[in-house]
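Please read the structure below before turning to the comments.
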Amino acid sequence: MERLAFGWLSMSEEEFYNSTLRSFHNRLKGFEEREQSRQREDWTRTRWMILHLLSPHVKRTTFASLRRALRFPWEIEEERKKVAHFKGDVSGILAKWDAEMKSKKGNGNTRRS
């Protein structure tokens, strides 16, 4: 733990020994997230450089397919989460609408207000 604290996190001895395990863990987690974000930005920048270097030499349709082909795993995962969230929203709305329609039919009230 000391190697992480004094190396990666640049904590002083006093900071390390006065911190709780929870605060140390939070600090380490924050460092890991920042480092991951930095690496993703670097990879994204590299991808854009490659795409722009290739763009004069390929057709427009090939360029579009290259953009789709050069997606990163974290981007694919984000898209899956968005789709799952959207499906959840839609199914929730439809379930609510079905419940309202059933309650209106049960009350004998079929008019919309």
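Computed from the coordinates by the stated procedures, all read-outs in this text should not be read as laboratory data. Just so you know, these numbers come straight off a predicted model, no measurement behind them. Cβ coordinates were reconstructed from backbone atoms using ideal geometry, including for glycine residues, and neighbour counts include every protein chain displayed.
Of all the C-alpha pairs in the chain, what % are more than 18 Å from each other? Can you show the working numbers first?
Details: 4651 of 6328 pairs.
When every Cα pair of the chain is considered, 73 percent fall beyond 18 Å.
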Taking other Cβ within 10 Å of each residue's Cβ, how do S19, S65 sort, fewest first? S65, S19
Which value in nm describes the separation of the simple spin-label points at L70 and A99, placed 7 Å from the Cα toward the beta carbon? 4.8 nm
Assigning unit charges at the beta carbon (Lys, Arg +1; Asp, Glu -1) and nothing else, what dipole magnitude in debye, to the nearest 20, does the range 15-113 show about its Cα centre? 680 debye
Just order 80-86, 26-32 by mean Cβ neighbour count inside 10 Å, highest at the front, would you? 26-32, 80-86
At a Förster distance of 30 Å, what's the computed FRET efficiency of R60 paired with Q39, Cβ-Cβ distance as r, to 0.05? 0.50
Placing +1 at every Lys and Arg Cβ and -1 at every Asp and Glu Cβ, with all other atoms neutral, what dipole size does the range 1-70 have around its Cα centre, in debye to the nearest 20? 840 debye
Relative to the longest principal axis of the C-alpha atoms of the chain, give the angle of the C-alpha long axis of helix 73-106, reported between 0 and 90° and rounded to the nearest 10°. 20 degrees
Under a plain spin-label model, where a point goes 7 Å from the Cα along Cα-to-Cβ, how far apart in nm are E78 and T46? 1.8 nm
Taking the convex hull of the Cα atoms, report for the range 13-56 its projected area averaged over all directions, in nm². 3.5 nm²
Nearest-ten-degree value, helix 21-54 long axis tilted from longest Cα axis of the chain: 80 degrees
